[in-house]
1. Name every residue in region 146-192 that is open to solvent by 60 Å² or more (accessible area, probe 1.4 Å), without any contact (Cβ under 8 Å) to a residue 40 or more places away in the chain and in a helix (DSSP H, G or I), in order of residue number.
2. Can you give me the number of residues within region 1-51 that are open to solvent by 40 Å² or more (accessible area, probe 1.4 Å), in a helix (DSSP H, G or I) and more than 17 Å from CYS172 (Cα to Cα)?
3. Given LEU155, LEU159, LEU170, which one is within 21 Å of the chain's Cα centre (by Cα), at pLDDT below 95 and under 28 Å from ALA191 (Cβ atoms)?
4. Being in a helix (DSSP H, G or I) and either touching a His at 6+ places or on another chain (Cβ under 8 Å) or at pLDDT below 95 (or both) is the filter; apply it to region 114-132 and report the residue that is most open to solvent (accessible area, probe 1.4 Å).
5. What are the pairs with Cβ atoms under 9 angstrom where one residue, in region 83-107, is farther than 17 Å from ALA158 by Cβ and outside any helix (DSSP H, G or I) and the other, located anywhere, is charged (D, E, K, R) and modelled with pLDDT of 95 or more? Sequence gap at least six, or different chains.
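The values are calculated or read from the model by the stated rules, or taken from the named source; none is laboratory data. All figures in this text were calculated on a predicted structure; none of them were measured in a lab. Glycine also receives a Cβ, built like all others from the backbone with ideal geometry; neighbour counts cover every protein chain displayed. Just the protein is used for accessible areas: all its heavy atoms, side chains included, with ligands, DNA and RNA removed. Shrake-Rupley method; radii C 1.70, N 1.55, O 1.52, S 1.80 Å.
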Amino acid sequence: MTGNIQPHTFRSRDLVGGHIVIDLVNTVTARDAEPIDWLDGYPRVLEWAALTGHFTPDDLTDLRRLAETEPGRAKLALDRTRELREALHDLITALIHEGAPDPAGAVEQFEDHWKHAVASARLTVRGTGPQLQVSVGTSGAEYLNHELALQAFDLLRALPLERTRVCPGLRCGWVFIDSSRGGRRRWCDMATCGNSAKGRTHYQRKRAGGMAQARP
């Protein structure tokens, strides 16, 4: 992805993807125009991770301490987060758009992330069966990336393609899983992209009507 990197304070309204992995993909906005990357530093990644509720406060505190003592590793982890995010974006959008070219580069990048995650994981057996589990202790500053890669593997195997969409909103391009009862959700968020589109349509109709009346 080529685009601007800008600071952004994450809010709950930024988590509309329906899955943490898709919410990661959506940390870039305006993909359909001039993309803006909201992950302007490793602390911002931790801010986003805290908002998702998927990671424990203790783990995030440990990662902040690691970033303070080993800033070089934190920067490398941020670069890997961006790489993983873009690979997942290309994979998911290719799956959504049937007939799209096979994103071979994205497949290789994601495979690399997944293999690193598995190499740092431990096999645990719980009530639901065996699971691969990573931790700050096993993954260090890469913990978030490893956990997201494992989550992404599970998501890609079961992605509901008929309900996974790209928002057509102006300067958006976010991906989301439609969990509505009727399965007819069009916008990532009706309060933002949906209302904006309605406002533009209303303005265009009003303007067209005014121009028609002004004709002799």
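1. Once the filter is applied, which keeps residues that are open to solvent by 60 Å² or more (accessible area, probe 1.4 Å), without any contact (Cβ under 8 Å) to a residue 40 or more places away in the chain and in a helix (DSSP H, G or I), region 146-192 yields PHE153, ASP154, ARG157, ALA158, GLU162, ARG163, MET190.
2. Result for region 1-51: 5.
3. After applying the criteria, what remains is LEU170.
4. Of everything passing the filter in region 114-132, HIS116 is most open to solvent (accessible area, probe 1.4 Å).
5. PRO103/ASP90
Listed here are the residues, each with its yes/no results for (1) modelled with pLDDT of 95 or more; (2) of a type in the set (A, V, I, L, M, F, W, C); (3) more than 14 Å from the chain's Cα centre (by Cα).
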{"residue": "GLY41", "(1), (2), (3)": "yes, no, yes"}
{"residue": "TRP48", "(1), (2), (3)": "yes, yes, no"}
{"residue": "THR56", "(1), (2), (3)": "yes, no, yes"}
{"residue": "LEU60", "(1), (2), (3)": "yes, yes, yes"}
{"residue": "GLY72", "(1), (2), (3)": "yes, no, yes"}
{"residue": "THR81", "(1), (2), (3)": "yes, no, no"}
{"residue": "ARG85", "(1), (2), (3)": "yes, no, no"}
